[in-house]
Amino acid sequence: MPGEVTEIEAELLADAERAAGLSDWGEDQSFRNGLKVYIEDMLELDEPQAGALRATLVHLLAQHLQLIEDGKRNPGILAEDVGQPVVILGIPRGGTTYTHALLALDPTARAPLVWEAAFPSPPPEAASFDSDPRIARLGAMMEDMLRARPELRQIHDMKPLNESECEQFMEAHMTSNDLWASFDVPRHARWISAGASEGYYAAHRRMLQQFQWHGPRGRWTLKSPDHLYRVPALLDAYPNACIVQTHRDPAKTLPSQASLIYTMRCLVDPDCDRSKIGPEVIEVWRPAYANAARNRHDPRLAARTLNVGYREVIDDPIGTVRRIHKHFDLPFSAVHEARIRAKIAQDKAERTEPHRYTPEEFGIEPGMTDFPDYKEAFGDLF
């Protein structure tokens, strides 16, 4: 296998160079670590899935080349100071997306948006931030997905102007769990969950510089469950980061994520076996639950973290945001509160029927979602 992986890696790099018309991969080539693991997974996929994953990897590698070129042509990008961000952590389907959206409504905040994370090159411009043609391009792609799997509308809010998760713009560094939602790549998912972090935060900072250079500015307000695998490295990179960690019963979050992943996988593999998704989801997120319980006893990490319950965010969004701001000594403005009230009203008007499923259909049996250490540490917040 090693020889075959090396051969395919060379083919993918060459394909990306042709697609981008570029060949400088930069000094830091840590992205190749994750690429190799993807290739190991790809070798075990059937042809349609392998072909789709290969095309995706070439696209992301070409994106990497474009980012290197942007930095060479515009050295000011690399001089951008991205400051100390607010970062929302938590297991997927545990309130992280809603918390992120609420905090991003602060007029002094700046969250990366889905469209710019999907198409980061060329760097976004503040003057055309709301009218960039990439917004419509991504919107059309999303509508195609929703036509293929209409139930996605009930599971996940998909809009180009929504706030992006860090794992979306970390795809080009090959250290994101995003592709695992669409492709059966268990080796790569386990590699990420083991805490793979070489070059991660250098690439993370580089993306924020890309978005900030000529784009809107503000205190970076970020969100990614993937950070749970490497919180110490997160604080090494951003020592004064304000970390908000949401908590919800694993018996709720894990089946919900299994449902989302199954629906996404069906876009690539219509014959996807849903019964294998649940155990895979549990295996991938088990280290994150262990890390969360352990981190509570680390003075450095605990000092920078505020723990918030899922029900608290849902039942009292304004009070929760006010508490977060107070904890980190951030002003909470009347404008911010008014925006939250408007969002609550809009969400209520747009609410769809809940997506119905059972844990058992995804292979999750009673007891499989028990994480005693995590529940002991945070069970009072569920």
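Table for the structure above
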{"quantity": "Verdict on Ser259 being farther than 17 Å from Pro112 by Cα and touching a residue at least 24 places away in the same chain (Cβ under 8 Å)", "calculated": "yes"}
{"quantity": "Answer residue from the range 216-232, given it is crowded, with 20+ Cβ neighbours inside 10 Å and either closer than 24 Å to Pro75 by Cα or aromatic (Phe, Trp, Tyr) (or both) and is nearest to the chain's Cα centre (by Cα) among those", "calculated": "Tyr229"}
{"quantity": "Matching entry among Glu312, Glu350, Glu360 (being within 30 Å of Pro287 (Cβ to Cβ) and free of Cβ contacts under 8 Å to residues at least 24 places away in the same chain)", "calculated": "Glu360"}
{"quantity": "Where a residue in the range 238-253 is under 17 Å from Asn307 (Cα atoms) and its partner, wherever it lies, is of a type in the set (Val, Ile, Thr) and part of a helix (DSSP H, G or I), with Cβ under 7 Å and at least six apart", "calculated": "Val244/Thr99; Val244/Ile324; Thr246/Thr96; Thr246/Thr99; Thr246/Val313"}
{"quantity": "Failed item in (1) surrounded by 23 or more Cβ atoms within 10 Å (Cβ to Cβ); (2) within 30 Å of Leu45 (Cα to Cα); (3) at pLDDT 95 or above; (4) within 12 Å of the chain's Cα centre (by Cα), with Tyr200 passing the rest", "calculated": "(4)"}
{"quantity": "Members of the range 358-373 that are out of contact with any Pro (no Cβ under 7 Å at 6 or more places or on another chain) and either surrounded by 11 or more Cβ atoms within 10 Å (Cβ to Cβ) or not in a helix (DSSP H, G or I) (or both)", "calculated": "Thr358, Glu360, Glu361, Glu365, Pro366, Gly367, Met368, Asp370, Asp373"}
{"quantity": "Residue in the range 8-31 that is of a type in the set (A, V, I, L, M) and in contact (Cβ under 8 Å) with a residue 60 or more places away in the chain present", "calculated": "no"}
{"quantity": "Answer from Asp41, Asp28, Asp15 - the residue that is outside any helix (DSSP H, G or I), in contact with a helix residue (DSSP H, G or I) (Cβ under 8 Å, 6 or more places away or on another chain) and acidic (Asp, Glu)", "calculated": "Asp28"}
{"quantity": "Answer from Phe332, Phe378 - the residue that is part of a loop (DSSP other than H, G, I, E, B), touching a His at 6+ places or on another chain (Cβ under 6 Å) and surrounded by 13 or more Cβ atoms within 10 Å (Cβ to Cβ)", "calculated": "Phe332"}
{"quantity": "1 or more residues within 19 Å of the chain's Cα centre (by Cα), surrounded by 18 or more Cβ atoms within 10 Å (Cβ to Cβ) and at negative phi: qualifying helices (runs of 4 or more DSSP H) within the range 235-314", "calculated": "250-268, 277-295"}
{"quantity": "Search result, residues across the range 323-370 that are of a type in the set (Phe, Trp, Tyr) and at pLDDT 95 or above", "calculated": "Phe328, Phe332, Phe362"}
{"quantity": "Output for the range 185-197, where each listed residue is under 19 Å from Ala52 (Cα atoms) and crowded, with 22+ Cβ neighbours inside 10 Å", "calculated": "Val185, His188, Ala189"}
{"quantity": "Positions within the range 221-237 being touching a helix residue (DSSP H, G or I) at 6+ places or on another chain (Cβ under 6 Å), in contact (Cβ under 8 Å) with a residue 40 or more places away in the chain and either within 21 Å of Pro120 (Cβ to Cβ) or polar (S, T, N, Q) (or both), in sequence order", "calculated": "Thr221, Leu222, Lys223, Ser224, Asp226, His227, Leu234"}
{"quantity": "Cβ-Cβ under 7 Å pairs, at least 6 apart or on other chains, the range 127-152 side within 17 Å of Ile261 (Cα to Cα), far side among the basic types (Lys, Arg) and at pLDDT below 95", "calculated": "Leu146/Arg153"}
{"quantity": "Lone unmet requirement of (1) of a type outside the set (Val, Ile, Thr); (2) farther than 30 Å from Pro331 by Cβ; (3) touching a helix residue (DSSP H, G or I) at 6+ places or on another chain (Cβ under 8 Å) for Gly95", "calculated": "(2)"}
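The values are calculated or read from the model by the stated rules, or taken from the named source; none is laboratory data. Since this is a predicted model, take the numbers as computed values, not measurements. Every residue, glycine as well, gets a Cβ built from its backbone with ideal geometry; the counts of neighbours run over all protein chains shown.
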